[in-house]
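All remarks here apply to the structure that follows.
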Amino acid sequence: MNENIIAHMLSGKNILVTGGTGSFGHQIVRDLIPYGPACIHIYSRDEKKQYDMAMSYKDSKILRFNIGDVRNLERTRDAMRGIDIVFNAAALKQVPNCEYAPFEACETNIIGANNVRRAAIEAGVQTVVSISTDKAVKPVNVMGMTKAIQERIMLDPTYSN
């Protein structure tokens, strides 16, 4: 994509990154900063990672840190207020952990994704970018299956719950 188009899409926008302190979320934040958004809200449940990230960006005036979990619809609704663009990077991504605790993977990767979708629609968010994985293409494990379902939830225009 043309850098000018990306800059036009992101400049001056209020952006929310769910799972913003995780590996993908943190990289997304790094990549967004040069495009001049008005504000980047980092939404995650990990207080320690939020503190560490805040310290590493202590000179930044555009980052806001919000404790919360996509599993909690009400808190996710609160986080969506005034947001233009959402990058949904919140996920359980470690295959062994998802195999060991499959319902936890469902809670975050499926129910959490549905909460993000619902909250974004209710808040009138312009754009939602949902991060997935190649393992969702032909899923053979819990992580891949939950991410495949997440994709269906995010893409189905008739799905409203």
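The table below gives the values:
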quantity: Pairs from K48/K147; K49/K93; K13/K93; K49/K135; K13/K61 whose Cα-Cα separation, in the structure shown, is over 23 Å; calculated: K48/K147; K13/K93; K49/K135
quantity: Nearest-ten-degree value, helix 142-155 long axis tilted from longest Cα axis of the chain; calculated: 60
quantity: Check: the chain dipole with +1 on Lys, Arg Cβ and -1 on Asp, Glu Cβ, in debye; calculated: 100
quantity: Residue among L73, L32, L16 with the largest mean-square fluctuation in a Gaussian network model of the chain, springs linking Cα atoms under 10 Å; calculated: L32
quantity: Choice from R30, R81, R71 showing the highest fluctuation, given a GNM over the chain with Cα pairs closer than 10 Å; calculated: R30
quantity: Kirkwood hydrodynamic radius (C-alpha pairs) into Stokes-Einstein, the chain, 20 °C and 1.002 mPa s, D in µm²/s; calculated: 134
quantity: DSSP-assigned coil residues among chymotrypsin sites (Phe, Trp or Tyr not before Pro) in the stretch 63-161, each with at most 14 further Cβ atoms within 10 Å; calculated: Y159
quantity: The stretch 30-115, dipole about Cα centre (Lys/Arg Cβ +1, Asp/Glu Cβ -1), debye to the nearest 20; calculated: 260
quantity: 0 to 90° range, to nearest 10: angle between helix 113-123 axis and the chain longest Cα axis; calculated: 40
quantity: Cβ-defined net charge surrounding G124, 11 Å radius [Lys, Arg +1; Asp, Glu -1]; calculated: -1
quantity: Mean-position separation - Cα centroids, the stretch 4-44 and the stretch 70-109, in angstrom; calculated: 17
quantity: Listed residues N114, N14, N141, most fluctuating in the chain (Gaussian network, C-alpha, under 10 Å); calculated: N141
quantity: Solvent-accessible area per residue for the chain (1.4 angstrom probe, square angstrom); calculated: 55
quantity: Theoretical ellipticity at 222 nm over the chain - DSSP helices of four or more residues, -39500 (n - 2.57) apiece, nearest 500; calculated: -12500 deg cm²/dmol
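The values are calculated or read from the model by the stated rules, or taken from the named source; none is laboratory data. Treat the numbers as computed from the prediction; the structure is a model and nothing was measured. Neighbour counts are summed over all protein chains in view; Cβ atoms, including those assigned to glycine, are modelled from backbone coordinates with ideal geometry. We work out accessible area using only protein heavy atoms, side chains counted, and drop any ligands, DNA or RNA first. Shrake-Rupley method; radii C 1.70, N 1.55, O 1.52, S 1.80 Å.
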